[in-house]
Amino acid sequence: MDWLEDTVTNRFIFAILISMATTASAQTTDPTFCERLAPQLQMKPVENGKGLATGVWRVNTLSGIGPALFGGTSTMSISIRPIGDPSYAEATALIEKACETTKGGTRCTIDGPMRVKIGTRKGVADLEAKVGDLAEIEIKGVIVLCRDPQAIGKR
């Protein structure tokens, strides 16, 4: 009878493990704001020295052979708009609170909900920051950086 109890116990444990694995694989996390922005601007994740993601995404808007050989210029724009139909005062307050001029360019804190539009030589990204989205976008010269929440403040 011991072998029967062991078999039943082993099957029960196996069933629990399968159930846990199925539940774990079914749980997915929504992509962060930066992860949704990255493909639209051809941004790549920045890794630390050990090959681990840092929560920072980066694109050089003048990369490629042409600018390397002949030089070039790049223009970028960023537009932040509230979602819905806020008053003029609310919209102005949101924009003034979100972005600041820095020594090297512009830095905007994205704290959804809001609509963000970024234009570069690599393309135009137009997406909605959802409620709960938090990110920081920094434009420094020809570089655009997007920082996920764990990387904000680590410059």
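The values are calculated or read from the model by the stated rules, or taken from the named source; none is laboratory data. None of the values given here were measured: they were computed from a predicted structure. Cβ sites come from the backbone with ideal geometry, for glycine too, and all protein chains shown count toward neighbours. Areas reflect the complete protein model, heavy atoms only, side chains present, ligands, DNA and RNA absent. Shrake-Rupley method; radii C 1.70, N 1.55, O 1.52, S 1.80 Å.
Starting from the Kirkwood radius over alpha-carbon pairs of segment 112-155, derive D by Stokes-Einstein at 20 °C in a medium of 1.002 mPa s and give it in µm² s⁻¹. Can you show the working numbers first?
Values: Rh = 11.5 Å.
The Stokes-Einstein estimate is 186 µm²/s.
Ignoring ligands and nucleic acids, what accessible area does Arg121 show with a 1.4 Å probe (Å², nearest 10)?
Rounded to the nearest 10, that gives 130 Å².
Considering only Cα-Cα distances, which of the following residue pairs are longer than 27 Å: Lys50/Lys154; Lys117/Lys140; Lys103/Lys130?
Cα-Cα > 27 Å for Lys103/Lys130; rest within.
What is the dipole size for segment 82-121, taken about its Cα centre, with +1 at each Lys and Arg Cβ and -1 at each Asp and Glu Cβ, in debye to the nearest 20? Write down the numbers at each step before the final one.
Details: 6 positive and 5 negative charges, 68 e Å.
Here the size comes out at about 320 debye.
Within segment 111-141, find all residues whose amide N lies under 20 Å from a label point positioned 7 Å from the Cα of Lys97 along Cα-to-beta-carbon.
111-117, 128-138
Considering every pair of different Cα atoms, what Kirkwood radius, in Å, is found for segment 92-132?
Working: mean 1/r = 0.0878 Å⁻¹.
Computed over Cα pairs of segment 92-132, the Kirkwood hydrodynamic radius comes out at 11.4 Å.
How high is the FRET efficiency between Ala89 and Gln40 when r is their beta carbon distance and R₀ equals 22 Å, given to the nearest 0.05?
Numbers: r = 31 Å, r/R0 = 1.40.
That gives a FRET efficiency of 0.10.
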